[in-house]
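What follows is a short report on a single structure.
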């Protein structure tokens, strides 16, 4: 696993914040953002933005003084845009939520029916999706603690299937770079701390 690159995350967050206002008032759920970046520039979603916000706030010490100043400016701009376009912001979350739940449902269903190497290969992407769902739920609860009961029910259902998927896995094996371990404590982000069990595509004779 390559080391975590906080500078790259900061570049992505800055690009996302710069496009947040037009994104919020658009009909698009995945917003292309310009810029050249090693590994490619992801599309903007609220989930992708809060994922990087959460990491960078926890790992400020990995940034230079100049980068920390830039982060503070970007987070202030993010907060201002979120407050000015609050209804649009939460509307985007309400659209992003079922899409991410559906992707995780489909992944778990396919793994249950077919298994094989593809499940293991696709798990890191799905684990990121589950992490984003955690952060999106936190956004909804912060706005109104009593308004996210449907989303909480979604996660209880999905997590029951997810725990079965990880049941035969190796516990204590953190999925991402070591620098991120303290950002994602095991008790809360348990799905990042278990590697799925090895499976094959072979059919028994």
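Just checking, does region 89-96 include any residue being loosely packed, with under 15 Cβ neighbours inside 10 Å, at pLDDT below 95 and under 30 Å from residue 19 (Cα atoms)? Checked region 89-96: no residue is loosely packed, with under 15 Cβ neighbours inside 10 Å, at pLDDT below 95 and under 30 Å from residue 19 (Cα atoms).
The set of residues in region 1-58 that are surrounded by 12 or more Cβ atoms within 10 Å (Cβ to Cβ), free of Cβ contacts under 8 Å to residues at least 60 places away in the same chain, over 18 Å from the mean Cα position of the chain (by Cα) and in a helix (DSSP H, G or I) comprises 18, 19. Residues in region 127-138: is at least one buried (at least 16 other Cβ atoms within 10 Å of the Cβ) and not in a helix (DSSP H, G or I)? The answer is no; no qualifying residue exists. Checked against the criteria, residue 183 counts as under 19 Å from the mean Cα position of the chain (by Cα), in a loop (DSSP other than H, G, I, E, B) and either free of Cβ contacts under 8 Å to residues at least 24 places away in the same chain or within 22 Å of residue 44 (Cβ to Cβ) (or both). Every listed requirement among (1) crowded, with 16+ Cβ neighbours inside 10 Å; (2) closer than 20 Å to residue 42 by Cβ is met by residue 158 save one, (2). For the subset of region 168-180 comprising residues that are in a loop (DSSP other than H, G, I, E, B) and over 16 Å from the mean Cα position of the chain (by Cα), which member is modelled with the lowest pLDDT? It comes out as 168.
The values are calculated or read from the model by the stated rules, or taken from the named source; none is laboratory data. Keep in mind that this is a model prediction, so the values were computed, not measured. Positions of Cβ are generated from backbone atoms using ideal geometry, with glycine treated the same way; all protein chains shown enter the neighbour counts.
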